[in-house]
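This report refers to the structure that appears directly beneath it.
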Amino acid sequence: MARHRSAPENQPLPHSLGQLLAAKEIAIACGPGGVGKTTTAAAVAAMAVVEDGGRVLVLTVDPARRLADALGLKGIGNQEIRIADEVFTSAGATPRGELWAAMLDTKQSWDDLIALHAPDEETKGKILANPLYQNISGRFVQSHDYIAMERLYEIHSEGKYDLIVVDTPPTRNALDFLDAPQRMADFFSSRLLRWLIVPYRSRLVNAATKPFYSVADRILGTQFLADISEFFILFQSMYEGFVERADAVTRLLSDRRTTFLVVSTLEATPVREAEFFSAELTERQLHLGAIILNKVLPDYLRDPKTAKLAQQLTHRAESLADGLTDDPVVAARVLGEVAESFLNFGVVARREAEQQAEMRGAPDILVTVPFFDADIFDMEGLLRLGVQVWD
Amino acid sequence: MTTAAPDLLQLKLVFVTGKGGVGKTTVAAALTQLAAEHGKKVLACEVDAKGDLSALFEAAPTDFVPREISPGIWSMSMDTEASLREYLKLQMRIPVVGRIGPLAKAFDFVATAAPGVREILTVGKLCYEVREGHYDLVVVDAPASGHVIGQLAAPQAINDLVKVGLIRGQTDWMLEILSDPRQTGLVAVTTPEEMPVSETLELTERIKAETTVRMSAVVVNQVLPELFGQREEEIFEQLRVHEIEEVLSERAGGSVATILEGARLAVTMRRTRAGHLEYLQAGLPPDLPVLLLPFLFTRTHGMRTTRQMAQALGEELGH
């Protein structure tokens, strides 16, 4: 078969993060803690506004205080707010669209969800006042995972945004938030739930369930069980709404319009977690769009010639520095320190480069972000990061 | 170190927590190693079991039954279902055989429905080991900042929710152990970076407000070495002048530009981090000790680095 030469405009573009995101509606940034996930999500959203335009929302969990302040996000909550164009222009960029931001308020989101599903005002009021509900929604962190995905669904279905970038909450297990909708559905359709509710309605305990109750009673106390059951009787009225919703959320996560960005650094533990995460996404047939590696040390630290030179510097510091400065003793010491530091960082840089080379299950978009001298705390910083990952 | 070091080794139960990625497990391992070197019998318990803790001792992953992984060091991974089984057997004389069965399902359900059950089984097992005195010290590689509050507050939360019943009777003695600063302490690990620092400050306040556990120390991990003093920096700047740099390259037989650039990067990194460290120290209660552990320029992590960190921690604690 003759080789077909396509016209340049028909050639596929080099696959880049920018190209990927131009074709998606939802990008979920996930990965281990402490690797700059929140900042990366914000940077990607800002880049999308500058490069592609449209309406972009970043749904964030807990941005650094200085960054939140700089973007004018102080005190925001569940309500999405628009980031002023001046924030872009003062950073020397021209926004072609609108950047919006919202922060996840777990408690408020749960309350909203109850309001949505509750059949009447009375049930709603009772649930909101229930001490068990307040505990689940406020104190226990697992509820974070579900509500983050629920909020995403809610916002996405309103259709207000071209792209939603989600920063995932720090979870006990990196995958908790993926399972959360299904767990929620299972929970409400559990047979045990019905077992638990029945006796307090009818007080008829049959032979099959009796042992369970007697143990449960002894451990938890009858009053507490009654509290639980009251809570679930109230919840039952919302059962169908919840299960339906949880299923819809699961479907959205595996939809073609959704992609996942795994964010990590090249330190040993985060790399292991990122690999695990990539494998899980693939196994669940979720779309692993890109891996973004933050805080990568510069290549020059690994240059073998320079390393040899640095070795020499440590041995010959005195003669090499002689006469170059006004203090030969200090100069020799400084040169020795400088060379030593280069070799030290070289060890780390080589280890990390090897980690990157060995990284398993990486998608074809794998981008690295250099170690920035200073913290990223404003739009200029975000875009500096964004440019690194975009093309 | 700013104030008198706490004697962490005198405690019976130490929770080590911190934001993800700051080296919480490394510090837990170092404390375990240090205590063992001081002749103590230590139980190191990993709560978010990933096997990282035993890996730092170059041992295979552990399970719920403690195993000696290094001289004087026993290690276990928390498993709330196994903890419930042990509890039922020991405290209520209800033997439970096998994993599958109505109990496992019932447990899953109750643990999801009744908030705090998983948490109380975790904390309960740890307090139980302290009460039984099988070990001189129990070191907990606890969950990240936000989660640990839920665990430490669980006995109180259960006390508030459950008015009667056996669980209620069980939380009193746990609270007693947790609230006793001579027995129990919490170590918050951080790095000198913006987010970990602000999370540590928040954690310090929440531990005080929401739990009865006392914070014993803040450990700042990955502190970079100070390359130069002021005089050295002046000389460094003289060496970086283009003409001087060229002479130096000529003498050395190759370009030293990137070597100097690397040092500048190291100095900047150190300086940015020093600012966060100052902010941390200013925000913490003045009587809370801050311990500094170095950034390790090593190939990998394992027994060797665990010993190095234990030594550094020992020096900070004045041992």
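The values are calculated or read from the model by the stated rules, or taken from the named source; none is laboratory data. Keep in mind that what you see is a predicted model, and the values were worked out from it rather than measured. In this analysis, Cβ positions are derived from the backbone assuming ideal geometry, glycine residues included, and neighbour counts consider all displayed protein chains.
Give just the number: which of (1) surrounded by 17 or more Cβ atoms within 10 Å (Cβ to Cβ); (2) not in a strand (DSSP E or B); (3) not aliphatic (A, V, I, L, M) does B:GLY39 not satisfy?
(1)
Tell me, please, whether a residue that is without any contact (Cβ under 8 Å) to a residue 12 or more places away in the chain, under 22 Å from B:ALA266 (Cβ atoms) and facing chain B (nearest Cβ under 9 Å) can be found in the stretch A:284-303.
Among the residues of the stretch A:284-303, at least one is without any contact (Cβ under 8 Å) to a residue 12 or more places away in the chain, under 22 Å from B:ALA266 (Cβ atoms) and facing chain B (nearest Cβ under 9 Å), which makes the answer yes.
If B:GLY133 satisfies every condition in (1) crowded, with 24+ Cβ neighbours inside 10 Å; (2) more than 19 Å from the chain's Cα centre (by Cα) but one, which is the exception?
Every listed condition holds for B:GLY133 apart from (1).
Tell me, which residue of the stretch B:11-30 that is among the small types (Gly, Ala, Ser) and out of contact with any strand residue (DSSP E or B) (no Cβ under 6 Å at 6 or more places or on another chain) is surrounded by the most Cβ atoms within 10 Å (Cβ to Cβ)?
This residue is B:ALA29.
Could you tell me whether any residue of the stretch B:270-278 is within 7 Å of chain A (Cβ to nearest Cβ) and not basic (Lys, Arg)?
Checked the stretch B:270-278: at least one residue is within 7 Å of chain A (Cβ to nearest Cβ) and not basic (Lys, Arg).
So for the stretch B:281-299 (the condition being farther than 17 Å from A:PHE345 by Cα, in contact (Cβ under 8 Å) with a residue 40 or more places away in the chain and touching a Pro at 6+ places or on another chain (Cβ under 7 Å)), does at least one residue qualify? Step through it out loud before you land on a result.
So in the stretch B:281-299, the residues farther than 17 Å from A:PHE345 by Cα come out as B:281-293.
Cutting the leftovers down to in contact (Cβ under 8 Å) with a residue 40 or more places away in the chain gives us B:281, B:283-293.
Filter again for touching a Pro at 6+ places or on another chain (Cβ under 7 Å), leaving B:289.
Yes: one or more hits.
May I ask you to list the residues in the stretch A:321-339 that are facing another protein chain (nearest Cβ under 9 Å), among the hydrophobic types (A, V, I, L, M, F, W, C) and under 22 Å from B:ALA266 (Cα atoms)?
Selection gives A:ALA321, A:VAL330, A:ALA331, A:VAL334, A:LEU335, A:VAL338, A:ALA339.
Please give the number of the condition B:GLU205 fails out of (1) without any contact (Cβ under 8 Å) to a residue 40 or more places away in the chain; (2) more than 25 Å from A:GLU337 (Cβ to Cβ); (3) surrounded by 16 or more Cβ atoms within 10 Å (Cβ to Cβ).
Single failed check for B:GLU205: (3).
Please name all residue pairs, on different chains or six or more residues apart, with Cβ atoms under 7 Å, provided the first residue is in the stretch B:32-57 and is more than 14 Å from chain A (Cβ to nearest Cβ) and the second residue is in a loop (DSSP other than H, G, I, E, B) and of a type in the set (Phe, Trp, Tyr).
Hits for this filter: B:LYS41/B:TYR135; B:VAL42/B:TYR135; B:LEU43/B:TYR135.
Taking the stated definitions as given, is B:ILE244 within 9 Å of another protein chain (Cβ to nearest Cβ), over 19 Å from the mean Cα position of the chain (by Cα) and either at pLDDT 95 or above or on the phi > 0 side of the Ramachandran plot (or both)?
Here the answer is no, as B:ILE244 does not meet what is asked.
Working carefully through the options A:VAL329, A:VAL369, A:VAL348, A:VAL296, find the one that is more than 25 Å from the chain's Cα centre (by Cα) and crowded, with 17+ Cβ neighbours inside 10 Å.
A:VAL348
Of the residues that make up the stretch B:174-188, is at least one hydroxyl-bearing (Ser, Thr, Tyr) and at pLDDT 85 or above? So that I can check it myself, show each step before the final result.
Step one: filter the stretch B:174-188 for residues hydroxyl-bearing (Ser, Thr, Tyr), giving B:179, B:184.
Adding the requirement that they be at pLDDT 85 or above leaves B:179, B:184.
Within the stretch B:174-188 (the criterion being hydroxyl-bearing (Ser, Thr, Tyr) and at pLDDT 85 or above), the answer is yes, since at least one residue qualifies.
Kindly indicate which of B:VAL256, B:VAL189 is within 8 Å of chain A (Cβ to nearest Cβ) and touching a helix residue (DSSP H, G or I) at 6+ places or on another chain (Cβ under 9 Å).
The conditions single out B:VAL256.
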